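Following: one structure in structure tokens, then a few remarks.
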Amino acid sequence: MSSTADGGTTQSGQTDHAERLGLSAGMVVQELGWDNDTDDDLRVAIENTLDADMVDGDYGNVVDAVVLWWRDEDGDLVDGLVEALTDLVGGGAIWLLTPKIGRPNAVDAADIAEAAPIAGLSQTISASVSKDWAATRLVAPKTPA
């Protein structure tokens, strides 16, 4: 992965970030919360990794993962996470993408830590995925057999 002077990454770096999200060709990934401020290079890298377009909220079938773009101004995070669970297959992950701290509409890590368990999710890892966006992986906790 190569970095740019402004702290971003080149296209190969974005592809690395997409692969670090645990996404792979053939997966069906639903994208929620897209807006004009989302990172288009990261979106393209994700779709290149999938070898397909991401589906939207109207897809109507189960998905392997959800990419949820979320900003502080988007409302109640618990509601957003519960909505993201609607089409998610058991064992799938929600990748919550939020503006990095210091960027407009950044979401405080404490807000994510508080909202996740209320929505029935556990936070597993966080990663920087672009110059302006951070990713947090959320999964439903495993239940004892």
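The values are calculated or read from the model by the stated rules, or taken from the named source; none is laboratory data. Every value quoted in this text rests on a predicted model; they were computed, and no experiment measured them. Cβ: placed from backbone, ideal geometry, glycine included. Neighbour counts: every protein chain shown. Side chains included, ligands, DNA and RNA excluded: accessible areas come from the protein's heavy atoms. Shrake-Rupley method; radii C 1.70, N 1.55, O 1.52, S 1.80 Å.
Straightening the chain between I125 and N61 buys 20.4 nm, computed as 0.36 nm per residue apart minus the Cα-Cα spacing. Quick one: grab the alpha carbon gyration tensor of region 17-97, order the square roots of its eigenvalues as a ≥ b ≥ c, and give me rounded if a/c is under 1.5, else prolate or oblate depending on whether a/b is larger than b/c. Judged from the Cα gyration tensor, region 17-97 comes out oblate (a/c at least 1.5, b/c at or above a/b). Taking the 1.4 Å solvent-accessible surface of the chain as the whole, the part contributed by carbon and sulfur is 49%.
Solvent-accessible area per residue in the chain equals 52 Å², computed with a 1.4 angstrom probe and all protein chains kept.
Each residue of region 65-74 was assigned a 3J(HN,Hα) from its phi angle through the Karplus expression (A = 6.51, B = -1.76, C = 1.60, θ = phi - 60°), giving 7, 10, 9, 10, 7, 9, 10, 4, 7, 7 Hz with x at Gly and Pro.
With contacts taken as Cα pairs under 8 Å at a separation of at least 6 residues, the chain carries a relative contact order of 22 percent. For A93, the amide hydrogen comes within under 5 Å of the amide hydrogens of V66, counting only partners 5 or more places away or on other chains and with H modelled in the peptide plane. According to the Cα-based calculation, Rg over Rh for the chain is 0.94, with Rh computed by the Kirkwood formula. Site-free segments of the chain were taken between chymotrypsin sites (Phe, Trp or Tyr not before Pro) in DSSP loops having at most 16 other Cβ atoms within 10 Å, sites themselves excluded; the longest one is 60-145.
Near L88, the amide H atoms lying under 5 Å from its own belong to V63; only residues 5 or more places off or on other chains count, and H is placed 1.01 Å from N.
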